[in-house]
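Novice: Below is the structure I would like to discuss, written out as structure tokens.
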Amino acid sequence: MKRSKRYVGLAGTYDKHELVDVESAIKQIKAFENAKFDETVEMHFRLGVDGRHADQQVRGAMVLPHGTGKTKKVLVFAKGPKAEEAVAAGADFVGAEDMAEKIQKEGWFDFDAVVATPDMMGVVGRLGKILGPKGLMPNPKSGTVTMDLNKALADIKAGKVEYRLDKANIIHCIIGKKSFTEQQLVENANALIQAIAKAKPAAAKGQYFKSITVAATMSPGVKINPTTVIQ
């Protein structure tokens, strides 16, 4: 993969093989020269589990203490009084079959999160092959299939993030923007680490956190020493 001159220059300013604690990793990310936009900061966790087995799946959601720095547009699938409740709670888009058709026929994706009431999953289920690959499919475990639309929308707007294993047993998750203070990013990072630690499957054996890396959109990754975090 060809890297930009800026990226290569940043990579030469630190020891990319050194394992550091969370605070030091965030400090290094903040020290990198800024790009021409407010970069997103992400954490990447390689876990000692095998996601091919149902009892070793890791998936969940949590609200970051300082949010993600991004205002999310939320689509809610609901009807009747629940649709009215969604509008009152701040949903950006509300509908049922009409919204499903818009996504299927027009390729419409002007939203960042999807919430649905349980009775609408028959409609939403038909969008699985479209929403699933984009990480947008509502799920009871993440609190996005619910009758409590007020809480679901409040959490998403406040900075709720979802985490789940990909096929390589890695979790990728946003922890904020580079414009955040070091303390805000550290607190968000530690909250995410604790949430993923609590989600450790009972069937997982050995070292749970194999590697942890933090990086901004246009920066190299900084490796965190897994032994310095909760296992």
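The values are calculated or read from the model by the stated rules, or taken from the named source; none is laboratory data. None of the values given here were measured: they were computed from a predicted structure. Note that each Cβ is placed from the backbone with ideal geometry, even for glycine, and that neighbours are counted across all protein chains shown. When the accessible area is computed, the model is the full protein with side chains, heavy atoms only, and any ligands, DNA or RNA have been set aside. Shrake-Rupley method; radii C 1.70, N 1.55, O 1.52, S 1.80 Å.
Novice: When the residues of region 42-64 are filtered to those that are open to solvent by 80 Å² or more (accessible area, probe 1.4 Å) and part of a loop (DSSP other than H, G, I, E, B), which remaining residue is nearest to Val161 (Cα to Cα)?
Specialist: Gln57
Novice: Given the conditions (1) of a type in the set (A, V, I, L, M, F, W, C); (2) outside any helix (DSSP H, G or I); (3) crowded, with 20+ Cβ neighbours inside 10 Å, report the number of the one that Ala152 does not fulfil.
Specialist: Just one mismatch for Ala152, condition (2).
Novice: Among what's in region 128-162 and is basic (Lys, Arg) and out of contact with any Leu (no Cβ under 9 Å at 6 or more places or on another chain), pick the residue that is nearest to Gly90 (Cα to Cα).
Specialist: Lys157
Novice: For region 17-28, what are the residues that are under 14 Å from Ile212 (Cβ atoms) and either open to solvent by 30 Å² or more (accessible area, probe 1.4 Å) or assigned to a loop (DSSP other than H, G, I, E, B) (or both)?
Specialist: Once the filter is applied, which keeps residues that are under 14 Å from Ile212 (Cβ atoms) and either open to solvent by 30 Å² or more (accessible area, probe 1.4 Å) or assigned to a loop (DSSP other than H, G, I, E, B) (or both), region 17-28 yields Glu18, Leu19, Asp21, Glu23, Ser24, Gln28.
Novice: Just checking, which of Met147, Met121, Met99 is surrounded by 19 or more Cβ atoms within 10 Å (Cβ to Cβ), of a type outside the set (D, E, K, R) and closer than 24 Å to Glu85 by Cα?
Specialist: Criteria check complete, one pass: Met99.
Novice: Among the residues that make up region 188-200, is at least one of them in a strand (DSSP E or B) and either touching a Phe, Trp or Tyr at 6+ places or on another chain (Cβ under 8 Å) or under 21 Å from His66 (Cβ atoms) (or both)?
Specialist: No, region 188-200 has no match at all.
Novice: Still on this structure, I have one more. Output the qualifying pairs, or none if there are none: Cβ atoms under 7 angstrom, residues six or more apart or on different chains, first residue in region 103-122 and free of Cβ contacts under 8 Å to residues at least 24 places away in the same chain and under 28 Å from Gly159 (Cβ atoms), second residue of a type in the set (S, T, N, Q) and surrounded by fewer than 17 Cβ atoms within 10 Å (Cβ to Cβ).
Specialist: none
Novice: Taking Lys129, is it modelled with pLDDT under 95 and either crowded, with 17+ Cβ neighbours inside 10 Å or assigned to a loop (DSSP other than H, G, I, E, B) (or both)?
Specialist: no
Novice: Tally up the residues in region 163-187 that are modelled with pLDDT of 95 or more, touching a strand residue (DSSP E or B) at 6+ places or on another chain (Cβ under 8 Å), assigned to a loop (DSSP other than H, G, I, E, B) and not charged (D, E, K, R), please.
Specialist: Looking only at that region, the number is 1.
Novice: Output the residue which, of all residues in region 102-118 that are of a type in the set (Gly, Ala, Ser) and in contact with a helix residue (DSSP H, G or I) (Cβ under 6 Å, 6 or more places away or on another chain), is surrounded by the fewest Cβ atoms within 10 Å (Cβ to Cβ).
Specialist: Checked region 102-118; the qualifying residue surrounded by the fewest Cβ atoms within 10 Å (Cβ to Cβ) is Ala113.
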